[in-house]
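See below for the structure under consideration.
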Amino acid sequence: MKENHEAPRRLRGLGVSPGIGIGTIVHLSSRGPHVFRMRIAPHQVEEELRRLAMAFDKARQQLAQMKAKLEQALGRDHAYILDAHLLMLEDQQLIEDITSIIRTQQVNAEWAIKVVMDRILAIYADVKDDYLRERGSDIEDVAHRLITTLQGDHRHRWLLPETILATEQMLPSMMIELDPDAVVGLVARTGGWTSHAAIIARGLGIPAVVGIEGLHEEMAAGMLAIVDGHAGELILNPTEDLIAQYRERQAESERLWCAVRDRVRLPTVTRDGTPITLRANIELPSEVDAIEQYGAQGVGLFRTQYLFLSSHTMPPSEHVQFATYRRLAEACGQDGVTIRTLDWAESESAADDAEPETNPALGLRAIRYSLQAPELFRIQLRAILRAAFYGRIRVVLPLVSSVTEIRRARELLQAVARELDEEDLPHQADIPVGVMIEVPAAVFIADALAAEADFFSLGTNDLIQYLLAVDRDDSRVAHLYRPLHPAVLCAVKKTVEAAAAAHIPVEVCGEMAAEPLHALALIGLGVRRLSMAPKAIPLMKDVIRSVDLALLEDAVERALKLVTAEDVERLLQEEWADVLSERYLTNYTTAEGG
Amino acid sequence: MQRRTLLVKNRLGLHARAAAKIVRLSNQFKSELILQRCDNGRRGDAKSILSILALAATQGTALVLTASGEDEDLAIRQVIHLIEHQLEEDDEREREP
């Protein structure tokens, strides 16, 4: 940690994952393989040069092997391009340039490579000739190979304990590479509450603050900092006193939280005896342990896109998917797991170099993408049906806006089941198929969807965004994102009624389910299953065990007659003040300090 | 020291594959071999593939090749012959599916 004598600086942002983290800032670049700029001490320069030399050697060996393989398979001609790559790795000029940057700027080898390669790539960006300009990708390829070789298979080992990561924008792929034990906080200049990375941060319990204006101007790598996810604040260069204060707050919220957690084994039931099912939303297979730890009744939402993003092959092989789903299903026992089929936009899959879509929220994504990429979808469905042989699996289709989509998905499932029959592979053909209700159209045709689906899963994040036409990540309109807006309540009510009429269950898996005030409103509206980040479960259980369903229903009935979000919020907050202030509000306000 | 001007004639310019050929040939000589663009003066070592790539020389780019060393005569003749006459065939192969 760097000594500093500068005055503390407080930067405001949006707290998207609660908690307090105290550590050292590491700057993470958002593009390409993630490259950290790390200062090294003068005596570490020689060691860094050795790392560099080893990386060159190893990359050359890899390429030579690959080339030999290619030559054998395709003949000399096609292996030629690897020759060019090999020559780059033997390029004395390149090695000298990188070495010189490590020496003069005292930075890590990854960063030096990036600087040199970017310089060359910048020349290429200006080339008029299309063909030649595209050849810049050869250079990028070599740079990536060197950097990944340097970082090894365990890039996150690079991070020292108690690291606060600072980025332009938190990307889900970044989160996967990080070691959650080393990272105590995340800060970003852009981004918002609903970004996938924020969701993962909450899932992993890493405090995060985004939307910090001036972040890059104020911070420097190696700076000591405090991330306060409750208050939405980043404090740079805190004094010893300030650190001590925040450590005390950390300990206090830890104590409060432990008290709640002790009750995880108790049943989740309202005071007047209505059982509520609480499930876990998880994104990383490694989070399976959290199910048991926080007393979740199975998994209500497994987001498969992270499995895809973190895979070494794209898409992940059927076997990798099968093994992951099976492990999940076995861990969930009788409570089972709901697997959401691939929910991403094409732009995400193509990573950085894709053409930016003008309106990605309304573009080719989720079930639309899966139905247009049937091979990718088929492999996922095969893996799901095979895993279902070993445990209870439900499958849910994201962003459904028409009955046709569920029909086509069912047809594909049947075709896949026939395939597996013919191949004599163990599988379970008949699994529940649900639809996500997250597009206004789905709410309006909820009756028709309920006739064909086995269950509904209310994705409130997207539903609110589409219903109110508000992008919560746009700070100018973020205040218009109101989960208790009368239109949202109305949509939930209509969905619940359609499901009840068709005798199928509804589960809510959006952020609303994890927020006590909103969750109580949902229960009052007739929802009996909530799925949320595992860490939110103990507190939610505590809240539910202290309320009467009859009182919730009564308050919600009155709220449904109100016409503004503000009035609904005020009414429900007042009605349930005793329940909320004592438990949930105490927890938060204490952590925020007085 | 030998100096000659040459023209990049092949359709695809000095792309990776062409640059690799130049580097391989150049490295057979003891002389220092420097390529320089006539239009913007950017220079590159003919023994360094990245330097050549950084020239970003497309079809029609005029270059000056300078060779200095004991085998400079042979070096300059062979390298120029390669760039002006032998790269085109590679292009044809490169375009194959």
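So, of the residues in region B:58-71 that are of a type outside the set (Val, Ile, Thr) and surrounded by 15 or more Cβ atoms within 10 Å (Cβ to Cβ), which turns out to be modelled with the lowest pLDDT?
Start the filter on region B:58-71 by keeping residues that are of a type outside the set (Val, Ile, Thr), which leaves B:59-60, B:62-63, B:65, B:67-71.
Now narrow it down to the ones that are surrounded by 15 or more Cβ atoms within 10 Å (Cβ to Cβ): B:59, B:63, B:65, B:67.
Values: B:Gln59: 85, B:Leu63: 93, B:Leu65: 95, B:Ala67: 95.
Per the criteria, the residue is B:Gln59.
The C-beta contact set for region A:84-103 (first residue within 11 Å of chain B (Cβ to nearest Cβ) and within 13 Å of B:Ala46 (Cα to Cα), second residue of a type outside the set (Ser, Thr, Tyr) and surrounded by fewer than 18 Cβ atoms within 10 Å (Cβ to Cβ), distance under 8 angstrom, 6+ apart or interchain) comprises A:Leu87/B:Arg24.
Against the numbered list (1) in contact with a helix residue (DSSP H, G or I) (Cβ under 7 Å, 6 or more places away or on another chain); (2) part of a helix (DSSP H, G or I), A:Lys493 comes up short only at (1). One residue stands out among those in region A:154-183 that are crowded, with 23+ Cβ neighbours inside 10 Å and either among the polar types (S, T, N, Q) or not in a loop (DSSP other than H, G, I, E, B) (or both): the one that is modelled with the highest pLDDT, which is A:Ile164. In region A:117-145, the residues that are more than 10 Å from chain B (Cβ to nearest Cβ) reach residues that are modelled with pLDDT under 75 with C-beta atoms within less than 6 angstrom, at least six apart or across chains, in these pairs: A:His144/A:Pro33. Suppose the filter is in contact with a Ser or Thr (Cβ under 9 Å, 6 or more places away or on another chain), at pLDDT below 90, more than 19 Å from A:Leu82 (Cα to Cα) and crowded, with 19+ Cβ neighbours inside 10 Å; does B:Leu55 pass it? Yes; evaluated as a whole, the condition is true for this residue.
For region A:397-450, a residue qualifies if it is among the small types (Gly, Ala, Ser) and in a loop (DSSP other than H, G, I, E, B), and the qualifying residues are A:Ser401, A:Ser402, A:Ala429. Kindly check whether there is at least one residue in region A:367-380 that is more than 24 Å from A:Val337 (Cβ to Cβ), hydroxyl-bearing (Ser, Thr, Tyr) and surrounded by 15 or more Cβ atoms within 10 Å (Cβ to Cβ). Checked against the condition, which is being more than 24 Å from A:Val337 (Cβ to Cβ), hydroxyl-bearing (Ser, Thr, Tyr) and surrounded by 15 or more Cβ atoms within 10 Å (Cβ to Cβ), region A:367-380 yields no hits at all.
Of all residues in region A:226-249, those that are within 21 Å of the chain's Cα centre (by Cα), under 10 Å from A:Ile22 (Cβ atoms) and not β-branched (Val, Ile, Thr) total 1.
Listed here are the residues, each with its yes/no results for (1) hydrophobic (A, V, I, L, M, F, W, C); (2) buried (at least 18 other Cβ atoms within 10 Å of the Cβ).
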| site | (1), (2) |
| --- | --- |
| A:Ala442 | yes, yes |
| A:Phe456 | yes, yes |
| A:Tyr481 | no, yes |
| A:Val488 | yes, yes |
| A:Ala501 | yes, no |
| A:Val506 | yes, yes |
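Scanning region B:1-20 for residues that are under 19 Å from A:Ile120 (Cβ atoms) and either among the basic types (Lys, Arg) or touching a Lys or Arg at 6+ places or on another chain (Cβ under 6 Å) (or both) yields B:His15, B:Ala16, B:Arg17. Only a single criterion out of (1) under 25 Å from the mean Cα position of the chain (by Cα); (2) at pLDDT below 95 is not satisfied by A:Ser546, namely (1). Filtering region A:247-271 to residues that are surrounded by fewer than 14 Cβ atoms within 10 Å (Cβ to Cβ) and of a type in the set (A, V, I, L, M) leaves A:Ala251, A:Ala259, A:Leu266. In this structure, does B:Ala62 turn out to be within 24 Å of A:Ile139 (Cα to Cα) and in contact with a Cys (Cβ under 6 Å, 6 or more places away or on another chain)? Here the answer is yes, as B:Ala62 does meet what is asked.
Of all the residues that make up region B:34-84, how many are at positive phi and within 11 Å of chain A (Cβ to nearest Cβ)? Residues in region B:34-84 being at positive phi and within 11 Å of chain A (Cβ to nearest Cβ): 2 in total. Here A:Val127 meets each of (1) at pLDDT below 85; (2) not in a loop (DSSP other than H, G, I, E, B) with one exception, condition (2). With respect to the conditions (1) more than 26 Å from A:Ala122 (Cα to Cα); (2) without any contact (Cβ under 8 Å) to a residue 12 or more places away in the chain, B:Ser68 falls short on a single one, namely (2). If I filter region B:7-14 for residues that are surrounded by 23 or more Cβ atoms within 10 Å (Cβ to Cβ), at pLDDT below 90 and facing another protein chain (nearest Cβ under 10 Å), do I get at least one hit? Within region B:7-14, one or more residues are surrounded by 23 or more Cβ atoms within 10 Å (Cβ to Cβ), at pLDDT below 90 and facing another protein chain (nearest Cβ under 10 Å).
In region B:24-33, the qualifying residues are those that are touching an Asp or Glu at 6+ places or on another chain (Cβ under 8 Å) and buried (at least 19 other Cβ atoms within 10 Å of the Cβ), and the one that is nearest to the other protein chains (Cβ to nearest Cβ) is B:Leu33.
Test A:Ala478 against the stated conditions and say whether it is of a type outside the set (D, E, K, R) and out of contact with any helix residue (DSSP H, G or I) (no Cβ under 8 Å at 6 or more places or on another chain).
Answer is yes for this residue.
The values are calculated or read from the model by the stated rules, or taken from the named source; none is laboratory data. Computed from a prediction, not measured in an experiment: that's the story for all the values here. Using ideal geometry, Cβ is built from the backbone for each residue, glycine included, and neighbour counts are taken over all protein chains shown.
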